[in-house]
Amino acid sequence: MNPPASRSRQGLGLVGWLLAVFATAALGAAASVDAPSFYARLVKPTWAPPSGVFGPVWTTLYVAMAVAVWLVWRSSRRTPLGLGLFAAQLVANALWSWLFFRWHLGAWATLEVLVLAALIVATTAAFWRTSRLAALLLVPYLAWVAFASALTYSVWQANPFLL
């Protein structure tokens, strides 16, 4: 068991987790500079959202992710497993943008987003043991990544130039 953190340490922890999560977002965004024009050229299923939806959704999800990991981090019952899984899914999260938007590797992006979804499931399960609220904060993220998995696969299949 870990000792409870002081109030100022908890506040700094929240800021630190927000910075870590948004650094991941920035890393993915670096690969997505041309994403709006690239996305516009793709053959997409009718249920694909317009490109303007992605930014607000991801911003909301990143805030929820940071709060979730912070809740686990500040808990006296936190385990290295949950935090390690969270870190692994952050890496996978950033990698998808590079595979899809920068390198145009549809097959790899499809495989990778499935790995990301599995990591989110594992992270959610680990967080559940520490903080049910933290786990519940990851559910919309998991739902969005499940949707993104189907979209990635559909777009890859409809666009032969995505290897």
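Throughout, read-outs are computed from the coordinates displayed, never taken from laboratory work. This is a predicted model, so every value here is computed, not measured. Because the Cβ atoms are built from the backbone with ideal geometry, glycine has one as well, and the counts that use them run over all protein chains shown.
Things to note:
- 3J(HN,Hα) couplings calculated from phi for the range 44-55 with the Karplus curve 6.51 cos²θ - 1.76 cosθ + 1.60 (θ = phi - 60°) are, in sequence order, 10, x, 4, 8, 6, x, x, 4, x, 6, 5, x Hz; Gly and Pro show x.
- Legend: P(r) of the range 105-157 from all alpha carbon pair distances, 10 Å bins from 0, whole percents, reading 27, 44, 22, 7.
- Within the range 79-103: backbone nitrogen closer than 16 Å to the residue 42 label point (7 Å, Cα to C-beta): 93-103
- For the chain, the longest principal axis of the C-alpha atoms and the axis of helix 7-31 are separated by about 10°.
- Table column - 3J(HN,Hα) (Hz), the range 133-141, Karplus curve with 6.51, -1.76, 1.60, x for Gly and Pro: 4, 4, 5, 5, 5, 8, 4, x, 4
- Nearest 10 degrees, 0 to 90: helix 106-130 Cα axis against the chain principal axis: 20 degrees
- One Cα centroid belongs to the range 77-99, the other to the range 108-163; the line between them spans 12 Å.
- Selected from 159, 122, 93, residue furthest toward positive end of dipole (the chain; charges at beta carbon): 122
- Diffusion coefficient of the chain by Stokes-Einstein, Kirkwood radius over Cα pairs, 20 °C, 1.002 mPa s: 130 µm²/s.
- Dipole size of the chain about its Cα centre, with +1 on Lys/Arg Cβ and -1 on Asp/Glu Cβ: approximately 560 debye, rounded to the nearest 20.
- C-alpha long axis of helix 80-97 to longest principal axis of the chain, angle in °: 20 degrees
- Environment charge at residue 35 (Cβ cut-off 14 Å; Lys +1, Arg +1, Asp -1, Glu -1): +2
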